[in-house]
Amino acid sequence: MHTLANDPTLGIVDNDPLVASAIRSLLVETCAPIQILWTATSAEQALDAMRDSSQRPQAMLTDIAMPGMDGAELARHVKEQYPDIAIIGISAFLDSENEKAHGAPWSDAFYAIIPKEIPTIQLVRIIGKAIGNGEVASWTGKSTESMRLSGKELQIIASYANGFTTSAIARQLNVSEASVKTYARRAFEKLHAHSRAEAVATCVRNGWI
């Protein structure tokens with residue numbers, strides 16, 4: 001793991017624990033210069049974590065649409081209590097209806113609001129800009145080269161992303177199901193992924209599929 005004591009600190013909030021875990025894994029496995037202090041699956045959990053001064057990150061990444069206290073309300077609370085924390089919203093629904101629903105406070109509380117599928121390099125750079133760290137803001141992400149998949153491995157992960165089953169992919173590629181599973185396993189190892197969902201998320205966020 002790359003993170004050092006002087007790396008910028010980050011808290012991640014998403015009501016889907018798999019998404020929060022996937023974001024954390026992507027940042028860790030790409031050796032992003034970010035120290036992740038915690039992940040939370042609710043706004044309340046995030047606020048509880050930050051009551052400890054040692055757990056107050058320089059930046060917080062939060063989902064917008066969450067049950068109970070949503071990301072917009074969380075951002076307002078954090079800005080009132082800890083104005084130095086840069087808050088970045090993530091959403092799968094960046095459209096005019098979202099903006100109408102939340103109104104001006106929704107955008108005013110955030111440094112930026114970005115799509116969940118944003119490539120990891122862009123995410124890291126936005127975090128760097130949000131906290132005024134030029135080195136992080138210009139991160140090149142060269143370490144992701146070690147995660148590059150072969151054409152066949154990438155094709156299989158892309159097929160899983162599109163909802164194809166292992167047997168369907170085997171028929172499509174005219175190979176055995178065992179071969180598909182072997183390619184997928186190699187891809188998982190390169191991506192440090194523990195599931196298809198994690199592998200797909202890594203490839204999407206790096207802009208590979």
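The values are calculated or read from the model by the stated rules, or taken from the named source; none is laboratory data. Because the structure is predicted, anything quoted here is derived from the model rather than measured. Using ideal geometry, Cβ is built from the backbone for each residue, glycine included, and neighbour counts are taken over all protein chains shown. Heavy atoms of the whole protein, side chains included, go into the accessibility calculation; ligands, DNA and RNA do not. Shrake-Rupley method; radii C 1.70, N 1.55, O 1.52, S 1.80 Å.
Observations on the model:
- Subset of the stretch 1-60 (residues that are under 19 Å from Gly89 (Cβ atoms) and among the β-branched types (Val, Ile, Thr)): Thr9, Ile12, Val13, Val19, Ile23, Ile34, Ile36, Thr39, Thr41
- For first residues located in the stretch 178-203 and over 12 Å from Ser25 (Cα atoms) and touching a residue at least 12 places away in the same chain (Cβ under 8 Å), partners that are of a type in the set (Ser, Thr, Tyr) and surrounded by 15 or more Cβ atoms within 10 Å (Cβ to Cβ) and lie 6+ apart or on another chain with Cβ distances below 8 Å form the pairs Val180/Thr166; Lys181/Thr166; Ala184/Tyr160; Ala184/Thr166; Arg196/Tyr160; Val200/Tyr160.
- Across the stretch 158-209, the number of residues qualifying as on the phi > 0 side of the Ramachandran plot and surrounded by 15 or more Cβ atoms within 10 Å (Cβ to Cβ) comes to 1.
- Scanning the stretch 168-189 turns up no residue that is of a type in the set (A, V, I, L, M, F, W, C) and closer than 30 Å to Asp70 by Cβ.
- Residue in the stretch 52-62 that is modelled with pLDDT of 90 or more, farther than 28 Å from Lys190 by Cβ, part of a loop (DSSP other than H, G, I, E, B) and over 18 Å from the mean Cα position of the chain (by Cα) present: yes
Yes or no, residue by residue, for (1) open to solvent by 60 Å² or more (accessible area, probe 1.4 Å); (2) at pLDDT 90 or above; (3) not hydrophobic (A, V, I, L, M, F, W, C):
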site	(1), (2), (3)
Ala5	yes, no, no
Thr9	no, yes, yes
Arg24	yes, no, yes
Trp38	no, yes, no
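- The residue pairs whose first member lies in the stretch 51-66 and is of a type outside the set (Ser, Thr, Tyr), whose second member is open to solvent by less than 70 Å² (accessible area, probe 1.4 Å) and in a loop (DSSP other than H, G, I, E, B), and whose beta carbons are closer than 6 Å, counting only pairs six or more residues apart or on different chains, are Arg56/Tyr82; Gln58/Pro8; Met60/Ile85; Asp63/Asp14; Met66/Asn15.
- Restricting attention to the stretch 139-153 and to residues that are open to solvent by less than 70 Å² (accessible area, probe 1.4 Å) and outside any helix (DSSP H, G or I), the residue that is modelled with the lowest pLDDT turns out to be Gly141.
- Assessment of the stretch 78-91 against the conditions (touching a Ser or Thr at 6+ places or on another chain (Cβ under 9 Å), open to solvent by 40 Å² or more (accessible area, probe 1.4 Å) and either modelled with pLDDT of 95 or more or assigned to a strand (DSSP E or B) (or both)) yields no matching residue.
- Scanning the stretch 42-55 for residues that are open to solvent by 60 Å² or more (accessible area, probe 1.4 Å) and more than 13 Å from Gln81 (Cα to Cα) gives Glu44, Gln45, Ser54.
- Qualifying residue in the stretch 95-108 (condition: at pLDDT 80 or above, in a loop (DSSP other than H, G, I, E, B) and open to solvent by 30 Å² or more (accessible area, probe 1.4 Å)): no
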